[in-house]
Amino acid sequence: MKTLEQINQEFFNEIIAEEYEEQPAAKAGDASPKKKRLLKRLSDVLFYVVIAFIIIATLVFSGKAHEGFSFLGYSGFTVLSGSMQSEIPEGSLVITKEVDTGKIKTGDDITFLRDDNATITHRVIEIIEDYPVNGTRGFRTKGLENPEPDSEIVHEGNVIGVVELSIPELGYTLNYVSNNIGILFLILGGVLLATVALGKALMRRD
């Protein structure tokens, strides 16, 4: 027969054992507030990303995407023809950088304004110094897929910039977005409201 002291000791031992067994569960439970804090931070980040995207979209697409946009010396244009198809496919977005025209060399791809105000991206195949006999530069250009060079010499004052980057299909995508900017803002507005609601729900649970 067990003594009272033995019964008390066993009871005490059982309490200690249960305490240690529950300890991992308590630690596991501690992960829930951490998850809530993480979700809240993600919600805050998403909120500011959406706000930034709306601001950028407003600035970039205040006009038509195919007409181009410019920011801090960089410009973006959608390629609407296949004259440079082998390197810059139709529908690409080209990013140009404004440079000193004295640094442009043969083989550079440049974006320029033609005399009819069309925006063209072609390759420089010849540089004409002192053009037209007034100390400025001119550039003979050619589309890679065109059999002949362009008929007009590009005056350096019409050069927008040298191509730094081209991204296939993105130009057409941006054109679509710019033509459906209202729908885009509705979607972003819905995401923004959902983000705010999620953040408030997480704050109430904390």
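See the values below:
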item	result
Cα→Cβ-extended label distance, 7 Å offset, between residue 37 and residue 167, nm	3.6
Residues whose placed amide H lies under 5 Å from that of residue 80, excluding near-sequence neighbours	91
Extension reserve of the residue 103-residue 130 stretch, reckoned as 0.36 nm per residue once the Cα distance is removed	8.2 nm
Neighbour-count ranking [beta-carbon atoms within 10 angstrom, fewest first] of 105, 97	105, 97
Cβ-based net charge around residue 95, under 13 Å, with every Lys or Arg adding one and every Asp or Glu removing one	-2
Spacing of the two label points (7 Å from each Cα toward its C-beta) at residue 117 and residue 74, in nm	2.8
Segment 121-132 - phi-based ³J(HN,Hα) in whole Hz, Karplus 6.51/-1.76/1.60, Gly and Pro as x	10, 9, 8, 6, 10, 7, 10, 10, 6, 6, 10, x
Estimated vicinal HN-Hα couplings, Hz - segment 73-78 in sequence order (Karplus 6.51, -1.76, 1.60; Gly, Pro = x)	x, 9, 10, x, 9, 8
Which of 86, 75, 151 has the fewest Cβ neighbours within 10 Å, and the rest in rising order	151, 86, 75
For segment 187-192, 3J(HN,Hα) per residue [Karplus equation, 6.51 cos²θ - 1.76 cosθ + 1.60, θ = phi - 60°, Hz, x = Gly/Pro]	5, 5, x, x, 4, 4
5 angstrom amide H check on residue 122, placed H, neighbours 5+ away	110, 112
Length added when fully stretched, residue 85-residue 148, from 0.36 nm per residue minus Cα-Cα	21.2 nm
Placed amide H near residue 161: partners under 5 Å, 5+ positions off or other chain	111
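Values quoted throughout were computed directly from the atomic coordinates according to the rules given, and no laboratory measurement underlies them. None of the values given here were measured: they were computed from a predicted structure. For neighbour counting, all protein chains shown are included, and Cβ atoms are generated from backbone atoms with ideal geometry for every residue, glycine included.
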